[in-house]
Amino acid sequence: MLMTMEENLMAIKNEAISLILAAENLQSLEEIKLQFLGRKGKLTLLLKEITSIPTEDRARVGQLANEVKNAVEDTLDNQSAIIKDEVITTKKKAIDKTIPGVEPKIGHLHPMTHVISDVIDVFKQLGFQAADGPEIETDHYNFEVLNIPKDHPARDTQMTFYLDTRNSKTSPGEIILRTQTSAMQGRIMEKIKPPVRVIVPGKNFRYEQVDASHGFEFGQVEGFCVDKHIRLTDLFGTIDYVLKKLMGKDIKLKFATTNFPFVEPGVDTYIECTVCKGKGCNFCKHTGWSEMMPAGMIHPNVLKAVGYDPKEVSGFAFAIGLSRLVTLRYHMDDLRILTNPDLRILEQF
Ligand SMILES: [Zn+2]
């Protein structure tokens, strides 16, 4: 009984489609449509019978019935379009269908967009969520919360664009273009209690002389994780996993201590130069290594500033230079390509 239902459907489909393809005018198409899909059409009647078959088979047969119905309708539409087209062509003989059409230009994603979505995918596997934040930021979140008070020398390393506040109630120097995506740490941690794992991809701005390896705008992914018992080895494991996923499992990494005000201890991650394999070249300034990912354990002052208890929770933070990732992957020798809107350049990647 069941086989008959499915066989019936296929038989009706074959019959309908061969009739439709043989139809030469719109009137016969309309007749075929009635014959199968009309109120008393063959297919319509068969579809009504589906309710009477056993429940466990109904979904499968129902799906087949839908496919058959769609196939018949699609063929009807196509054939009707072909017939109409032929009518028009006969009326205006001037149209020559053999002339090749104009191929539409199809674009592709910007290399930076590709890399950002890859980075988000890798961190998702580790349970990180991606967040977005304002590029116009307050001094408070960009510096103060991150343990960089007004007179801290670290401010000298982040040449800052200050926004004009003369006609507003804001004090001078309070509103800036963010110099680091880390500015989102405070905003997020103030709102979410641990455990928290977040990455923030985005643009940063610093007042730099623009050349092949420096720009006043650069892409960065900031990330951080706060929970009970987070240790330095968790940070190492995370960096190792992420960079091997992004750059290939054969890369070599090394870690060195460094100093940033918002981490203690601070860690610098180096990747063996992918151009010279550690021998030394222009790209790695003849060191054999390329700086990839500053990181560290979040400073207790930062945790306190957002209302966390450093005795209860600990965490790590890191930043990945997106521009560096893009240039390494696409073998670009000039960072300015990334902000150049010239399609002739971008189409190469
Ligand atoms: Zn090198």
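The values are calculated or read from the model by the stated rules, or taken from the named source; none is laboratory data. The structure displayed is predicted, hence computed values, not measured ones. Backbone-built Cβ (ideal geometry, glycine too); neighbour counts: all protein chains shown. These accessible areas exclude ligands, DNA and RNA; they are computed on the full protein's heavy atoms, side chains included. Shrake-Rupley method; radii C 1.70, N 1.55, O 1.52, S 1.80 Å.
Scanning the stretch 150-173 for residues that are among the charged types (D, E, K, R) and without any contact (Cβ under 8 Å) to a residue 12 or more places away in the chain gives LYS150, ASP151, ASP156, ASP164, ARG166, LYS169.
Considering only residues in the stretch 174-184 that are over 21 Å from the mean Cα position of the chain (by Cα) and either farther than 11 Å from THR138 by Cα or without any contact (Cβ under 8 Å) to a residue 40 or more places away in the chain (or both), the one that is surrounded by the fewest Cβ atoms within 10 Å (Cβ to Cβ) turns out to be GLU174. Filtered by the rule that a residue be out of contact with any Lys or Arg (no Cβ under 8 Å at 6 or more places or on another chain), surrounded by fewer than 21 Cβ atoms within 10 Å (Cβ to Cβ) and of a type outside the set (S, T, N, Q), the stretch 145-168 gives PRO149, LYS150, ASP151, HIS152, PRO153, ALA154, ARG155, ASP156, TYR162, LEU163, ASP164, ARG166. For the stretch 293-343, a residue qualifies if it is on the phi > 0 side of the Ramachandran plot and within 16 Å of the ligand (Cβ to nearest atom), and exactly one does: HIS331.
Looking at the stretch 23-68, which of its residues are among the β-branched types (Val, Ile, Thr) and in a loop (DSSP other than H, G, I, E, B)? Residue satisfying the conditions is ILE53 alone. Residue pairs whose Cβ atoms lie under 8 Å apart, separated by 6 or more positions or on different chains, with the first residue in the stretch 299-314 and of a type in the set (D, E, K, R) and the second part of a helix (DSSP H, G or I) and surrounded by 15 or more Cβ atoms within 10 Å (Cβ to Cβ), are ASP309/LEU303.
Residue check: is ASN282 of a type in the set (S, T, N, Q), more than 30 Å from ARG187 (Cα to Cα) and either exposed (fewer than 15 other Cβ atoms within 10 Å of the Cβ) or modelled with pLDDT of 85 or more (or both)? When the stated conditions are applied, ASN282 passes them.
SER171 meets all of the listed conditions (1) open to solvent by 10 Å² or more (accessible area, probe 1.4 Å); (2) modelled with pLDDT of 90 or more but one, namely (2). If you go through the stretch 297-334 and keep only what is open to solvent by less than 40 Å² (accessible area, probe 1.4 Å), assigned to a helix (DSSP H, G or I) and within 30 Å of LEU109 (Cβ to Cβ), you end up with LEU322, SER323, LEU325, VAL326, THR327, LEU328. Scanning the stretch 263-292 for residues being in contact with a Cys (Cβ under 6 Å, 6 or more places away or on another chain) and either away from the ligand (no atom under 12 Å from the Cβ) or without any contact (Cβ under 8 Å) to a residue 12 or more places away in the chain (or both) gives a total of 2.
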